[in-house]
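Below: one structure, written as structure tokens.
Where a number appears in this text, it was derived from the coordinates with a stated rule and is not lab data. What you are looking at is a predicted structure, and each value in this text was computed from that prediction instead of being measured. In this analysis, Cβ positions are derived from the backbone assuming ideal geometry, glycine residues included, and neighbour counts consider all displayed protein chains.
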Amino acid sequence: MKHLSLMKLSAFLDKELNLSEFPGDESVNGLQVEGKGSVSKIGVAVDACDYVFHKAAARGLDLLIVHHGLIWGGIRSVHGVMKKRIKTLLDADISLYACHLPLDWHPIYGNNSRLLKVLSIRRMGEFGEYHGKRIGYWGKLAGDLSLEQFAVRVESALTTRATVIGFGRKVRNIGIVSGGGWSAIYDAEKLGIDTLLVGEPSHSAFTLAEEMQVNLVFAGHYATETLGVRAVGDMLQRKFGLRTEFIDHPSGL
Ligand SMILES: [Zn+2]
């Protein structure tokens, strides 16, 4: 079985995922918890939580790579849920690596670029500013679709149930921001985007979308954020021959 030093792998990921592009991310991106020094089996998952940590321990994994890590802004205390989570990792000697906004934006491995690909949308440009950087993409379909047809495509590609709100426009120019990215609607209007696809449903987006005449597709926070970590896992398997597996823990939200 192939092995790689944790520190080398972590430094490689920092660079490959362009962590330095997002100094303002609240997530502490990079290695958050240090486990064993040598890595051969890697798990990727959306959320750092006890369910995922226990699965990783049961499968004998050395490192977990997640989109939503444990440490946001810094450590203020380690008790309750946080104590339990960290203890599970340390007891099993599993390292935790987190990559938040860089993994929404990344042009190769990022959630938004992967969403374009699985939905057969041709990439036109970045959009959707968040913490000083555009993390989404917008693109074009090969031809017009009705909103219902587009929703079917989204649901089957992402294995999700989408919440769809339409204002009569056909779907052709689509803006995508994974997770809770609805505030990108202002940029969508400026660019003449007819349909905004984001993860988490937002009541606040409704009247804006109504007045801007922008269709809304809420495909689920979880469902829009599995592609990035999976892409990173596939890359590590290809490049280093490390065994990687996806730990699925959908919230349905
Ligand atoms: Zn998210």
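Over the C-alpha atoms of the chain, the Rg to Rh ratio, Rh being the Kirkwood estimate, stands at 1.00. What the phi angles of region 39-44 give under the Karplus curve with 6.51, -1.76 and 1.60, with θ = phi - 60°, is a coupling list of 10, 10, 10, 10, x, 10 Hz, glycine and proline written as x.
Cross-link partners for Lys41 among the aspartates and glutamates, with Cα-Cα distance under 13 Å and sequence neighbours closer than 8 places in the same chain left out: Asp62, Asp93, Asp234, Glu245. Dipole orientation for the chain: of the candidates Cys99, Ala184, His203, Cys99 has the Cα lying most toward the positive pole (charges on Cβ; Lys, Arg +1; Asp, Glu -1). Mean projected area of the convex hull spanned by the Cα atoms of region 138-211, taken over all viewing directions: 4.6 nm².
Our coupling estimate for region 227-236, obtained by passing each phi through the Karplus curve with A = 6.51, B = -1.76, C = 1.60 and θ = phi - 60°, is 5, x, 5, 5, 5, 5, x, 4, 5, 5 Hz, Gly and Pro reported as x. The string of couplings for region 75-87 from the Karplus curve (6.51, -1.76, 1.60, θ = phi - 60°) is 8, 9, 6, 10, 8, x, 4, 4, 4, 4, 5, 5, 5 Hz, one whole number per residue in order, with x for Gly and Pro. Using Cα positions and a limit of under 18 Å, work out the lysines in reach of Lys190, with same-chain residues fewer than 8 apart set aside. Leaving aside lysines fewer than 8 places away in the same chain, those within reach of Lys190 are Lys133, Lys140, Lys170.
For the chain, the longest principal axis of the Cα atoms and the long axis of helix 6-16 meet at an angle of about 20 degrees.
Scanning residues 5 or more positions from Lys41 or on other chains, those with amide H under 5 Å from its amide H are Asp62, Leu63, with H placed 1.01 Å from N in the peptide plane. Above 27 Å, the calculated P(r) of region 77-214 contains 28 percent of its Cα-Cα pairs. Distance between the C-alpha centres of region 205-253 and region 28-57: 18 Å, rounded to the whole angstrom. With R₀ set to 30 Å, the beta-carbon distance separating Lys2 from Glu34 gives a calculated FRET efficiency near 0.90. The charge dipole of region 146-245, taken about the Cα centre with unit charges on the Cβ atoms of Lys, Arg (+1) and Asp, Glu (-1), comes to about 460 debye, rounded to the nearest 20.
Net charge dipole, the chain: roughly 780 debye, given to the nearest 20, about the Cα centre with Cβ charges of +1 for Lys and Arg and -1 for Asp and Glu. Taking Leu63, Leu103, Leu208 as the candidate residues, the one with maximal mean-square fluctuation in a Gaussian network model of the chain, Cα springs under 10 Å, is Leu208.
To make sure I understand the rule: partners must be lysines, Cα under 22 Å from the Cα of Lys84, and not fewer than 8 residues away in the same chain. Which ones qualify? Lys84 reaches Lys36, Lys55. Taking trypsin sites (Lys or Arg not before Pro) across region 6-107, the ones in a DSSP loop with at most 14 further Cβ atoms lying within 10 angstrom of their Cβ are Lys36, Arg59, Arg76.
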